[in-house]
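Engineer: Got a structure for you, written out below as structure tokens; questions coming shortly.
Nothing in this text is a laboratory measurement; each read-out follows from the coordinates by a stated rule. Here the structure is a predicted model, which is why all the values come from computation and not from measurement. In this analysis, Cβ positions are derived from the backbone assuming ideal geometry, glycine residues included, and neighbour counts consider all displayed protein chains.
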Amino acid sequence: MKKLLIALATATLATAALAEYPEKPVTVVVPFAAGGPTDKVARDLADALRKQLKQPVIIENVGGAGGTLGAAKVAKASPDGYTVLLHHIGMATSPALYRKLPYDTLNDFEYVGMVNEVPMTLVGRSTLPANNMAELRKWIDANKGKINLANAGLGAASHLCGLLFQQSVGVDMTTVPYKGTAPAMTDLLGGQVDLMCDQTTNTTQQIESGKIKAFAVTTPKRLAMPSLAKLPTLDESGLKGFAVSIWHGMYAPKGTPKAVIDKLNGAMRAALKDPEFAKHQEALGAVIVTDARLGGAEHKKFVESEIAKWGPAIKAAGQYAD
Ligand code: ASP
């Protein structure tokens, strides 16, 4: 009887604690450097989440190893809803790229939901002699062995896109890994690296101001955004079938109580409808998710399908890390 009373009291306390969640700041881990595309999505989302959760929402940048260090940190965090992960397509590509991933993508997280989809652009330093895809292809062929391609490490979106690009043009380039594409962009602006694939959330303003050259979009269709609409797709530029689009989702450590995940999901859905969030995201070319993938279970199914889609392509390219 005494045991039953204690169990009941503990359950009641736990329910009360959940009802009050969150009672303190929530940390969103971004597995890339500050100022880059994932960070920009996370910071916009944090501003909107703050209004919903009525608590500070803090961004912690844990860059390195293509996003896997930050993801590992969240997988091992306390499952209380106070540490969550905002990650991208790397959730689905890293399992194929790493022989020993320090977490299990499908079993070490609770899936909160999917946030947005973002196109990528193929961009280059402003001093490149090429001004369009045809000229770039010629320049690449004439400079084999001398071309640097920046990325955010093995497992990053820029890595996946760069890998497919090298395969498609049949030329190996020297990849230069950074902790995120924010520091990579600094070097591209400075002319230290030649080319990079990166999300429009990081490249749009630099393209518009003419500080970098844009050659193509990686999506199957051209973009609607007026400033980027003139960019051809890689597919129409001769790289048949080239199609990469990046998505972002939110995750919590496995074992985070369902009531907390539901609260986070509700806050995320409301945040995505925040007019300010929507305006910022639209200006950067991101498309906010409105379909069933807003739900954790549906998003998890989608990630499973992405793992199945990208795994064979990555394995065929033969790129692995331990
Ligand atoms: N866009 C980067 C990538 O290549 C990540 C980042 O810095 O947000 O995945």
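Engineer: Report Rg(Cα)/(2.2 N^0.38 Å) for the stretch 79-150, keeping two decimals.
Structural biologist: Cα Rg divided by the expected 2.2 N^0.38 Å: 1.71.
Engineer: Another question about this same structure. Measuring from centroid to centroid over Cα atoms, what is the spacing of the stretch 174-198 and the stretch 235-301 in Å?
Structural biologist: 26
Engineer: Below 13 angstrom from the Cβ of I288, what's the summed charge of the other residues (Lys, Arg +1; Asp, Glu -1)?
Structural biologist: My count for the surroundings of I288 gives -2.
Engineer: Express the relative contact order of the chain as a whole percentage, based on alpha carbon pairs under 8 Å and six or more residues apart in sequence.
Structural biologist: Worked out over the chain, it gives 28 percent.
Engineer: Please check which bits of the stretch 83-115 a label hung off K54 would reach, taking the label as a point 7 Å along Cα-to-C-beta and the cut-off as backbone N under 20 Å.
Structural biologist: It comes to 83, nothing else.
Engineer: Could you identify which residue out of G145, G155, G180 has the top mean-square fluctuation in a GNM of the chain using Cα springs shorter than 10 Å?
Structural biologist: G145
Engineer: Can you bin the chain into rounded, prolate or oblate? Criterion: square roots of the alpha carbon gyration tensor eigenvalues sorted a ≥ b ≥ c, rounded for a/c under 1.5, prolate for a/b above b/c, oblate for the rest.
Structural biologist: Prolate shape, in that a/c is at least 1.5 and a/b is the bigger ratio.
Engineer: To the nearest 0.05, how large is the calculated FRET efficiency for K76 and R222 if R₀ is 45 Å and r is the Cβ-Cβ distance?
Structural biologist: 0.60
Engineer: Sticking with the crude label model, points 7 Å out along Cα→Cβ, report the distance from D104 to T174 in nm, one decimal please.
Structural biologist: About 4.1 nm separates the two model spin labels.
Engineer: Mind checking which of T68, T186, T121 has the largest fluctuation in a GNM of the chain, springs on alpha carbons under 10 Å?
Structural biologist: Top of the fluctuation ranking is T186.
Engineer: In whole Hz, with x marking every Gly and Pro, tabulate ³J(HN,Hα) for the stretch 200-209 from phi via Karplus 6.51 cos²θ - 1.76 cosθ + 1.60, θ = phi - 60°.
Structural biologist: Ordered by residue, 3J(HN,Hα) equals 4, 4, 10, 9, 3, 5, 5, 5, 4, 8 Hz.
Engineer: Restricting the count to DSSP beta bridges whose residues both fall in the chain, what percent are antiparallel, rounded to a multiple of 5?
Structural biologist: 60
Engineer: Then there is this: Hey, which of these cross-link pairs are over 27 Å Cα-Cα: K146/K211; K211/K240; K230/K279; K73/K258; K179/K309?
Structural biologist: K211/K240
Engineer: If you don't mind, there's one more thing I want to ask. Pull up all non-local amide H partners of D235: gap of 5 or more, or a different chain, and H-to-H distance under 5 Å with H placed in the peptide plane.
Structural biologist: F242
Engineer: Rounded, prolate or oblate for the stretch 226-285? Axes are the square roots of the Cα gyration tensor eigenvalues, ordered a ≥ b ≥ c, and the cut-off for rounded is a/c under 1.5.
Structural biologist: The shape class here is oblate.
Engineer: Once the piece of chain linking D141 and E304 is laid out straight, how much longer is it, given 0.36 nm per residue of separation minus the C-alpha distance between them?
Structural biologist: Extra length from D141 to E304 when fully extended: 55.0 nm.
Engineer: Give the long-range amide H neighbours of V176: residues separated by 5 or more places, or on another chain, with amide H under 5 Å away, using H modelled in the peptide plane at 1.01 Å from N.
Structural biologist: L149, A150, N151
Engineer: Testing the spin-label approximation: label points 7 Å from Cα along Cα→Cβ at D262 and A134. State their distance in nm.
Structural biologist: Computed distance between label sites D262 and A134 equals 6.0 nm.
Engineer: Shifting gears a bit: For the stretch 25-163, what mean projected area does the convex hull of the alpha carbons give, in nm²?
Structural biologist: So the Cα hull casts an average projection of 10.1 nm².
Engineer: Let me ask another. Taking a ≥ b ≥ c as the square roots of the eigenvalues of the Cα gyration tensor of the stretch 128-196, is the shape rounded (a/c under 1.5), prolate (a/b larger than b/c) or oblate?
Structural biologist: The shape class here is oblate.
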